[in-house]
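Have a look at the structure below before the remarks.
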Amino acid sequence: MKLIQTTLAAALSLTMLGAFAHQGEHKGGIKSAPTKGVKAPFDIHHTKITTEGNIATFHVSVSGKAGASKPAKTGKLAGSKVFSYVWPTTMDPSTVGFERGAGILAFAVTSHPDFDDTPLYDENGDGKLDNDGDLWHSHWVVLTKDAACGKDALKIVDIPEGAKPKLPKTWPGLPILIDSPAYSPVFKGDTLEVKVPFDDITVLNNAGFDGVTAALRINESVHNPLVCVADVFKVASGNLSLPGKVNQ
C-alpha cells in the first residue's frame, strides 16, 4: 500500500511540475479567450516574442495541436491555399532587408502543398529543392491593404513588372515582398516556436506585435494581387491593434 501511495505521489508531482512548466511558457504576451467556430489548431490562446542575446523567439499556442491542419492539395497554383501562423509587427520592413516604409512587416510560418517558395533549401531532404512547400516553413512578408482581396483585406505586397525594390538576400524570386530565410519552426503539442537571429536585436526593443492564424489564397489569375489574405481564422488581440510588447 505504501509503495502504491509513493508511486501515486510521484506521478502527481510530475504532473504538477509539467503543468507549472507549461504555465511558465505562457507568461506575458497576448492572451486570448477560446473562440467558438475556430478550428483548434488555429484557435490562438497565447502569443509572445522574447529575446535572448541576438535571438528572438516567436511563440504561439493554440487550443489544439499546433500545425495539425494543412491545406488540401489542388494540383495547381491558381486558387490554391496557404495556411499560416503570423506575427504582424510594427517593425519597419527595412529591418530585414526590404524597402523602408514598404508596408506591414510580419513573420509567418506557412504550409502550402501546391508550390514551393523556399528554392534555396531542401526541407524534406530528398535532394530536390522545389517539392517541400507542404512542410511548415518560415517567411518574412510585407503586407498592405488591397480592395481587390476584399473589403479591408490584406495582401502580400506585389512587385510590379520592371521594378527593382530592395530585397533580402534570401528572397525566393517571386514577384512579391517575401523572404525565405529557413528559420526552422518547432511544433510541440499546442505550441509553435521559431528562433530568429537579428544582426541588431535592439530593433525589437520598442516593437509591437500581434498574432494571427489565417488562410491565404493565390489569385486565380496568378497576377496582381498574387497572394491575398483570404480567410482570417483568429486575431490574438481581436482587432489587430498590435498590442504585444517584446519581453513583456
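The values are calculated or read from the model by the stated rules, or taken from the named source; none is laboratory data. Nothing here was measured: the structure is a model prediction, and the numbers come from that model. Cβ coordinates were reconstructed from backbone atoms using ideal geometry, including for glycine residues, and neighbour counts include every protein chain displayed. What goes into the accessible areas is simple: the full protein's heavy atoms, side chains included, and nothing from ligands, DNA or RNA. Shrake-Rupley method; radii C 1.70, N 1.55, O 1.52, S 1.80 Å.
Every condition in (1) assigned to a loop (DSSP other than H, G, I, E, B); (2) in contact (Cβ under 8 Å) with a residue 40 or more places away in the chain; (3) open to solvent by 70 Å² or more (accessible area, probe 1.4 Å); (4) more than 15 Å from P93 (Cβ to Cβ) holds for R217 except the one numbered (1). The set of residues in the range 192-214 being in a loop (DSSP other than H, G, I, E, B), open to solvent by 60 Å² or more (accessible area, probe 1.4 Å) and either modelled with pLDDT of 95 or more or over 21 Å from H59 (Cβ atoms) (or both) consists of D199, D200. Among the residues of the range 176-226, which ones are within 21 Å of K27 (Cβ to Cβ) and charged (D, E, K, R)? Listed by number, the residues that qualify are K188, D190, E193, K195, D210.
Okay, residues lined up against (1) part of a loop (DSSP other than H, G, I, E, B); (2) more than 26 Å from P197 (Cα to Cα):
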residue	(1), (2)
L77	yes, yes
A108	no, no
D152	yes, yes
P165	yes, no
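Mind listing just one residue for me: the one in the range 114-144 that is outside any loop (DSSP other than H, G, I, E, B) and of a type in the set (V, I, T) and, of those, nearest to the chain's Cα centre (by Cα)? Applying the filter and picking the extreme gives V141.
The sole residue among S61, S111 that is surrounded by 23 or more Cβ atoms within 10 Å (Cβ to Cβ) and either under 14 Å from the mean Cα position of the chain (by Cα) or at pLDDT below 95 (or both) is S61.
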